[in-house]
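To keep things clear, I will list the structure first and then write my remarks on it.
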Amino acid sequence: MTPTPLVLPPADDTAGWSSFLTERTAAPLAEAARTAEALRAKEPGTAQALALWNDLHVALANAFAASSLLSQVHPDGDLRDAAEAAEQEANRFRTALMLDPEVFARLEAVPREGLDDAAWRVLDDALRSFRRAGVDRDEETRERLRELGEREDDLAQAFGRHIRDGARTTRVPASALDGLPADYVEAHPVADDGTVAITTDYPDTHPFLTFSTDAEARRTVMGAFLDLAWPENDEVLQELLAVRDERARLLGYDGWPAFDAEVKMIGTGAAIADFIDQITHDATAAAERDAALLLERARLDQPGLERLDVSGARFYTEAVRRERYEVDAQEVRRYFDFTRVRQGLLDVTGRLFGLTWTPVDDAPTWHTEVAAYDVALEGAGEPLGRIYLDLHPRPGKYNHAAQFDLVSGVAGRQLPEGVLVCNFGRGLMEHSEVVTLFHEFGHLLHHVLAGRHDWVRFSGVATEWDFVEAPSQMLEEWAWDAGVLAGFATDEAGQAIPPELVERMRAAEEFGKGVHARTQMYYASVSYRFHAELPADLTARSLELSEQYAVWAALPGSHFHCGFGHLGGYTSAYYTYMWSLVIAKDLFSAFDPGDLFAPEVALRYRDRVLAAGGSKDAADLVEDFLGRPYEPTAFTAWLER
């Protein structure tokens, strides 16, 4: 029987959502427990053990997907708490499972004869994961590893929760709205005391920092944004770093980065430090050149200014782009109405990858603003899966941008369902937000297209973690092409964005790429150094790393690390964004800049990289597509251009 999408409760049916949560978390977790028991009961050397292992992980993936998603997006706080508790239960089950010597023994004894390449890969991955969990250690060590694993999961969850629930509001003089677009001003009414409220939500903070002419107000708003989850997350992060370090050392590694990097393309923790310093070196000349231009421009307003800080960087970058490149972000916004952009994204990706996106207007969701679409291959009768677009901010919702699973696709058993969670405004968008939307949608494509494997281990975005961002970063290129944008970037009169404006936008974007690379390396250094060094004073170390790697001065007394959500999931590996960008530039080099929709290369990429999921090592996927190993030539040329 052909699998069908889940039927969700209506948005206002809280009891129905509570039942749904139980059905998608407690029930599959119980099923996973039964399957684990059946696995233990098998005689050693039984080939069926591997199939049971797959069944177990299908159930476990379902429990994690529903609990993780609903804890971040459901409007009801009690249900979010229940989902978080369900995720903790799933984490505890997984931690205990990977320390179970009986289950390990059944898998270790699976006969290799007759296994195809996919089964070999699944088995080898499972055995490696067991050993990395510590299943082969003595009982006392296993017990301590279990405690550490559970504590790490709880702390990482608390870290993210404090960021999600830590939204702040700053009141600034109404005059600080000078320079902001009219629709932004209209959306921020003036209170009786002559002030307006600016929240830490992206649609509030980012335009304010970009356009407000009030330097002091920008500093105040930026300070609030950088203090998300302070002071709560300082203590949480201290313990989280210590727990990860102890766990890695109990397993015989020289700290967490060494443990974490072992299963990534980069290979070793030491290589992370080398990569950060190499990118910093390569980007410094461009960064210093662009920083000098920005400082020169800032001194027109602030004579004698010695160094620009992070609260002024967006404003003066926008000023230089407007004055030097004749790109006014407020003018550009006219062409990017949210509704048209969303439809344009679907049209572009559908044409590029041979897909159809069919709105499911009657599909219930957790909020009335969430849109559902069924996806299929062009000309195919059966659906590939379903996606949900949850793209606007609301209280209690995850406040960054990410793709979440709802269902991991497994051939013949369940369709992949993915959710895009972002926080865009409902009217006009900045072009940088359009780029972000394309980027995040790349993860959703990866999830859906790679949802037809027999083994759930290969389903969706299942590659090495430092390759995960490459497909999304490559899809950004379509948001910069004048021909592509002409299809949906139109003003109120229906006039498409002029190609010459897009060309100037691209030139303006190229300005500052060295600064951007250095900023990314600051973030990567915080991610790596915090885990490698376990500094006693996280705020002080973060400021030291800012001085070493970032271009702009940090705000005194700010606590960036407390709101740096990637420390929860990416741990020591934030470098992956830049590592993936190197590969993304190489992948894009295979496309014809004159015809980004050329079907031969697009479909080859769809089938050999995206649809392949985790069925091969990332380096092999790239080589399958390019016909050669990946290389940094395209990235280096772009950085030096």
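The values are calculated or read from the model by the stated rules, or taken from the named source; none is laboratory data. Being a predicted model, the structure only gives us computed values, none of them experimental. Neighbour counts are summed over all protein chains in view; Cβ atoms, including those assigned to glycine, are modelled from backbone coordinates with ideal geometry. Heads up: the accessible areas ignore ligands, DNA and RNA and are worked out on the full protein's heavy atoms, side chains in. Shrake-Rupley method; radii C 1.70, N 1.55, O 1.52, S 1.80 Å.
What per residue convex hull volume, in Å³, do the alpha-carbon atoms of the range 533-586 yield?
Details: hull volume 6.0 nm³, N = 54.
Spelled out: Cα convex hull of the range 533-586, divided by residues, is 110 Å³.
How big is D for the chain, in µm² s⁻¹ as a whole number, if Stokes-Einstein is applied with the Kirkwood radius of its Cα pairs at 37 °C and 0.692 mPa s?
Values: Rh = 25.9 Å.
Value of D from the Cα-based Kirkwood radius: 127 µm²/s.
How big is the Kirkwood radius of the range 52-195, worked out from every pair of different alpha carbons and given in Å to one decimal? List each step's numbers first, then the result.
Working: mean 1/r = 0.0518 Å⁻¹.
For the range 52-195, the Kirkwood estimate is 19.3 Å.
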### Query
What are the radius of gyration and Dmax of the range 300-452, computed over its Cα atoms and given in Å?
19.2, 68
### Query
Once Lys and Arg get +1 and Asp and Glu get -1 on their Cβ, which of VAL327, ALA618, PRO471 lies farthest toward the positive end of the dipole of the chain?
ALA618
### Message
Placing +1 on the Cβ of each Lys and Arg and -1 on the Cβ of each Asp and Glu in the chain, which of ALA126, ILE276, PRO111 has its Cα farthest towards the positive end of the resulting dipole?
### Response
PRO111
#### Entry: Per residue convex hull volume, Cα atoms of the range 17-79, in Å³
63
### Query
So how long is each side of the range 386-531 along the principal axes, counting just the alpha-carbon atoms, biggest first, in Å?
49, 44, 33
### Query
On average, how much accessible surface per residue is there in the chain, in Å², for a 1.4 Å probe, leaving out ligands, DNA and RNA?
40
### Query
Any idea what Rg and Dmax come out to for the range 503-641 if you just take the C-alpha atoms, in Å?
18.4, 54
### Task
Express in nm, to one decimal, how much length is gained between THR46 and VAL263 on full extension, taking 0.36 nm for each residue of separation and deducting their alpha carbon distance.
75.3 nm
### Task
Compute the separation of the alpha-carbon centres of the range 56-132 and the range 151-193 and state it in Å as a whole number.
36
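How big, in percent, is the set of alpha carbon pairs in the range 179-315 lying more than 27 Å apart? Provide the component values of the computation, followed by the final result.
On the way: 4782 of 9316 pairs.
When every Cα pair of the range 179-315 is considered, 51 percent fall beyond 27 Å.
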### Query
When the scattering of the range 1-109 is computed by the Debye formula from its Cα atoms alone, each counted once and equally, what is log10 I(q)/I(0) at q = 0.16, 0.22 Å⁻¹?
-0.74, -1.09
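Relative to the Cα centre, what is the charge dipole magnitude of the chain, using +1 at the beta carbon of each Lys and Arg, -1 at the beta carbon of each Asp and Glu, and rounding to the nearest 20 debye?
On the way: 61 positive and 107 negative charges, 103 e Å.
So the magnitude is around 500 debye.
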### Query
Under a point-charge model restricted to the Cβ atoms of Lys and Arg (+1) and Asp and Glu (-1), what is the dipole moment magnitude of the range 337-444 relative to its Cα centre, in debye to the nearest 20?
140
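Could you work out the local net charge near ARG34, counting Lys and Arg as +1, Asp and Glu as -1, over the other residues with Cβ closer than 13 Å to its Cβ?
-2
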#### Entry: Cα centroid separation, the range 457-499 to the range 523-581 (Å)
28
### Task
Let me know the number of lysine pairs in the chain closer than 28 Å at the Cα, not counting same-chain pairs under 8 apart.
5
### Query
What's the local net charge at TYR373, with K and R +1, D and E -1, over the other residues with C-beta under 11 Å away?
-1
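Which trypsin sites (Lys or Arg not before Pro) in the range 1-106 pass both tests, a DSSP loop state and at most 12 other beta-carbon atoms within 10 Å?
Details: sites: ARG24, ARG34, ARG40, LYS42, ARG80, ARG92, ARG94, ARG106; in loops: LYS42.
Of the trypsin sites (Lys or Arg not before Pro), not one in the loops of the range 1-106 has a Cβ with at most 12 other Cβ atoms within 10 Å.
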### Summary
Taking the convex hull of the alpha-carbon atoms of the range 112-247 and averaging its shadow over every direction gives an area in square nanometres of 13.7
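Measure off, as a whole percent, the carbon and sulfur share of the 1.4 Å-probe accessible area of the range 371-443, all protein chains present. Show your work: numbers first, answer last.
Numbers: 1030 of 2030 Å².
Accessible surface attributable to carbon and sulfur in the range 371-443 totals 51 percent.
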### Query
For the chain, what proportion of DSSP beta bridges, expressed in % and rounded to the nearest 5, is antiparallel?
80
### Query
Could you state the principal axis extents of the C-alpha atoms in the range 92-170, from the largest down, to the nearest angstrom?
65, 33, 15
### Charge dipole (the chain, unit charges on Cβ, about Cα centre) - positive-most of GLY563, ALA11, LEU445
LEU445
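Quick one: with all protein chains in place, what share of the accessible area of the range 1-111 is carbon or sulfur, to the nearest percent (1.4 Å probe)? It would help to have the intermediate numbers written out before the result.
Details: 2420 of 4620 Å².
In the range 1-111, the share of accessible area belonging to carbon and sulfur is 52 percent.
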#### Entry: Rg/Rg_globular for the range 460-574, with Rg_globular taken as 2.2 N^0.38 Å and Rg from C-alpha atoms
1.42
